[in-house]
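As structure tokens, the structure follows; a few thoughts come after it.
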Amino acid sequence: MNNLLYKNVFWLFMLGNVLGVLVEGFWCLLWKGEWETHTVAMWGPFNIVYGIGLPVFYIGSILLDGARWARKFSVNAIIGSLVEYICGLFIRIGIRMKAWDYSGHFMNIQGIISLKMAFLWGLVGTGYNMFLHSPVEKLLSLINGTFWDLAGLGLAIFMILNLTLTAACIIRWSNRHFGKSASSQLSRWLDEKYPDSIMQEKFFYWSFIEEGSADNVPVRSAE
């Protein structure tokens with residue numbers, strides 16, 4: 001547990017943000033024949049679900065050190081699904097949108113998590129535990145010194161601004177869709193700089209949850 005330094009968790013968060021997008025992109029290229037990136041940031045190729053996932057796997061590897069692979073698989077499947085469920089539920093309740101939908105999967109819960117995705121979380125987490133944790137620890141041991149401290153500080157400030165802007169844009173996008181007019185200078189600025197056309201292109205896989213629709217089916221906003 002002594003390895004759970006803030007800087008380690010931060011760099012893992014950043015690494016997970018980018019690697020998750022790349023892995024998902026290659027996965028889509030393999031199975032769909034086209035590159036697809038599911039970013040969750042206005043600036044840069046970042047997805048915070050994956051950003052959260054890698055530090056969780058890292059911490060899990062420390063806590064599960066010496067455990068049998070079956071236990072590692074089960075814990076990773078549960079933790080990965082829990083992170084995904086919390087993120088998905090927050091988006092649905094907070095802004096009435098969906099960033100993914102597993103309602104077509106066997107044994108799913110609200111379309112947010114499913115048995116299939118839990119299996120994949122367990123597989124990825126166990127793979128990390130068994131094959132990647134040691135190399136990652138060696139990599140983190142190299143990230144020391146003034147340069148990396150300053151780089152981490154600068155990147156942390158950038159991500160705070162980036163995610164704050166992203167949250168503001170998504171909230172305003174949702175408010176526009178549900179008929180809430182701009183009531184502040186910030187809202188009007190967001191409407192001008194980040195209209196629906198930009199948001200739909202950036203978050204093409206997101207959809208709105210319409211009240212009163214059959215089975216609460218999500219629909220996309222109009223151009």
Q: Would you check if there is a residue in segment 14-36 being of a type outside the set (Asp, Glu) and not in a helix (DSSP H, G or I)?
A: yes
Q. Of the residues Leu165, Leu186, which is surrounded by 14 or more Cβ atoms within 10 Å (Cβ to Cβ) and not charged (D, E, K, R)?
A. Leu165
Q: Name the residue, out of Gly125, Gly111, that is outside any helix (DSSP H, G or I) and either within 23 Å of Val56 (Cβ to Cβ) or among the aliphatic types (A, V, I, L, M) (or both).
A: Gly111
Q: Would you tally the residues in segment 177-211 being within 25 Å of the chain's Cα centre (by Cα), part of a loop (DSSP other than H, G, I, E, B), without any contact (Cβ under 8 Å) to a residue 40 or more places away in the chain and within 17 Å of Leu165 (Cα to Cα)?
A: 1
Q: Could you tell me whether Asn47 is polar (S, T, N, Q), out of contact with any Leu (no Cβ under 7 Å at 6 or more places or on another chain) and touching a residue at least 24 places away in the same chain (Cβ under 8 Å)?
A: yes
Q: State all residues of segment 32-70 that are of a type outside the set (A, V, I, L, M, F, W, C), under 15 Å from Cys87 (Cβ atoms) and at pLDDT below 90; if no residue qualifies, say none.
A: His38, Gly53
Q: Select from segment 142-168 the residues that are of a type outside the set (A, V, I, L, M, F, W, C) and closer than 19 Å to Ile52 by Cα and list them in ascending order.
A: Gly152, Asn162, Thr164, Thr166
Q | Residue in segment 92-102 that is nearest to Ile78 (Cα to Cα), counting only those that are part of a loop (DSSP other than H, G, I, E, B) and touching a helix residue (DSSP H, G or I) at 6+ places or on another chain (Cβ under 8 Å) | A | Tyr102
Q: Return only the number of the condition from (1) part of a helix (DSSP H, G or I); (2) closer than 30 Å to Ile62 by Cβ that Thr164 does not satisfy.
A: (2)
Q. Within the group Met107, Met117, which residue is in contact with a strand residue (DSSP E or B) (Cβ under 7 Å, 6 or more places away or on another chain) and hydrophobic (A, V, I, L, M, F, W, C)?
A. Met107
Q: Kindly indicate the residue of segment 23-73 that is among the charged types (D, E, K, R) and closer than 19 Å to Val136 by Cα and also farthest from the chain's Cα centre (by Cα) among those meeting that condition.
A: Asp65
Q. Scanning segment 62-76 for residues that are surrounded by 14 or more Cβ atoms within 10 Å (Cβ to Cβ) and in contact (Cβ under 8 Å) with a residue 60 or more places away in the chain, which turns out farthest from Ser134 (Cα to Cα)?
A. Leu64
(Q) So, Ile79, is that one closer than 23 Å to Leu5 by Cβ and crowded, with 18+ Cβ neighbours inside 10 Å or not? (A) yes
Q. Which members of segment 137-152 meet the condition of being assigned to a helix (DSSP H, G or I) and more than 18 Å from Gly66 (Cβ to Cβ)?
A. Lys138, Leu139, Leu140, Ser141, Leu142, Thr146, Phe147, Trp148, Asp149, Leu150, Ala151, Gly152
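The values are calculated or read from the model by the stated rules, or taken from the named source; none is laboratory data. Computed from a predicted model, the values in this text were never measured in an experiment. Counting neighbours? That spans all protein chains shown, and the Cβs are built from the backbone with ideal geometry, glycine included.
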